[in-house]
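The values are calculated or read from the model by the stated rules, or taken from the named source; none is laboratory data. Note that the coordinates shown come from a computational prediction; the quantities given were computed from them, not determined experimentally. Cβ sites come from the backbone with ideal geometry, for glycine too, and all protein chains shown count toward neighbours.
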Amino acid sequence: MEQAVLTTHDLTKKYKEQTALDQVNLIVEKGDIYGFIGQNGAGKSTLLRIVTALARPTSGSVTLFGETSEAGLIEARKRIGAIIESPALFPDMTARDHLEYYRLLRGIPGKACISKALALVGLEDTGKKKARNFSLGMKQRLGLAIALLGDPELLILDEPTNGLDPGGIVELRELVKKLNRELGLTILISSHILSELHQMATKYGIIHKGRLLEQITHEELNEKCKKHLRIRVDDVSKAVAILEMELGTRDYEVLQDGTIKLYSFYHDVKRVSLALTHNNLVIEHFAPGGDDLESYYTKRVGGELHD
C-alpha cells in the first residue's frame, strides 16, 4: 500500500438538522489522481473545505501527511495547493501580476516559482494581456498556476471543469495528467461526471447524501463495467465444459443464479450460440451485458437510495 497523503476518520459535518457529511472515511494515497464523484449537494465541496481549513467538522478528524494535531495540520496544509470554487482574479492584472500578488500574500521566497507555474499551465506567453480578456479555460489555468505556487505535494481541485467548453475540458484533463505524471503530484479532484473523471483518475470515491458509498481503483471499476455475454441454459455444467473444451476459454464467471458471464467472444456471438445449440443445450437467455460508467454510477447511487 502506498503512503496515505490524506485520510479522514468518521468525518461528519452538520448544519443544524442537515447532515452534509456522515462519518466519511476517505483515503488518498501518494501518487493518486483521486476522482471524488457525487451529485451536486452530495458533500464533495464540504469535505474539501474541511481538508483545506475553510470549514470545521462537527466530529471526526483529518490526517494530512501523517499529521493529526492542530499545529501539525497547519504545517501540513502548507504542502497543499487548492482551487475551491472559482479562483479570485483581478480583471486588470496580468497572469504574472496575479502570481506575484499571491506569492507575496503567501510569503513564498523568490520569483522563480512564478515563471515555473506559468510554464506548467501554458500561460508563459500571455504577456500584458489582462485577466478580463482571458477565456474561461485560461482563467481556470491561471487559478491552477496560483495553486501550484510553492510546489505543493497535494493538489485539490473542486469541480474544475464547470462551465468549460469541450476543448477547455480536454486541456484541463491533459494538464492534470501531466502534473501527476511529470511532477508526481497527488491530486484530489471532484466532479459529478464519472465519464470525465474516468479519463484521468486512478482511484474513485463515490459520495451520496454525505455518505461515502465506495472507494474503488480504476482497474476495479473497469472490471465491474467489463463487457460480457450473459447466458442462461438448461445445463450450466455442460455449458461450462463446452466453453472450455470447444471454445478454449476460461474467461467466464458463473453467478449464484446459474447465469454465465462470458467475457471473451463478446464480438463473436454467433460462434458461442452455435457451440451451445449444436450440443443440444436449451438457451433460455442470451444477451450482451456490462455497464457503461454512467450506468454503474447511477446503479450504485440508486441502490443506496433504496437501502
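Within the stretch 17-70, the set of residues being surrounded by 14 or more Cβ atoms within 10 Å (Cβ to Cβ), acidic (Asp, Glu) and farther than 15 Å from THR186 by Cα comprises ASP22, GLU67. Based on what the data block shows, is LYS139 surrounded by 17 or more Cβ atoms within 10 Å (Cβ to Cβ), over 23 Å from GLY184 (Cα atoms) and not hydroxyl-bearing (Ser, Thr, Tyr)? Yes, satisfied. Taking the stretch 260-279 as the range and being within 16 Å of LYS238 (Cα to Cα), touching an Asp or Glu at 6+ places or on another chain (Cβ under 9 Å) and of a type in the set (S, T, N, Q) as the test, only ASN279 passes.
Could you list all residues from the stretch 256-270 that are exposed (fewer than 11 other Cβ atoms within 10 Å of the Cβ) and of a type outside the set (Asp, Glu)? Within the stretch 256-270, GLN256, HIS267, LYS270 meet the criteria. Here are some conditions: (1) under 21 Å from TYR101 (Cβ atoms); (2) crowded, with 21+ Cβ neighbours inside 10 Å. GLY150 meets all but one. Which one does it not meet? All conditions pass for GLY150, except number (2). Whenever a residue of the stretch 239-263 is touching a residue at least 40 places away in the same chain (Cβ under 8 Å), its partners that are in a strand (DSSP E or B) and surrounded by 12 or more Cβ atoms within 10 Å (Cβ to Cβ), lying with C-beta atoms within less than 6 angstrom and at least six residues away or across chains, give the pairs ALA239/VAL233. So is GLU124 in the same structural domain as ILE37 (by TED's automatic domain parsing), charged (D, E, K, R) and either in contact (Cβ under 8 Å) with a residue 12 or more places away in the chain or out of contact with any helix residue (DSSP H, G or I) (no Cβ under 9 Å at 6 or more places or on another chain) (or both) or not? The answer is no for GLU124.
Do we find that ILE83 is farther than 11 Å from LEU149 by Cα and touching a Pro at 6+ places or on another chain (Cβ under 7 Å) in this structure? It is true that ILE83 is farther than 11 Å from LEU149 by Cα and touching a Pro at 6+ places or on another chain (Cβ under 7 Å).
If you go through the stretch 160-179 and keep only what is modelled with pLDDT of 90 or more and of a type outside the set (Lys, Arg), you end up with GLU174, LEU175, VAL176, LEU179.
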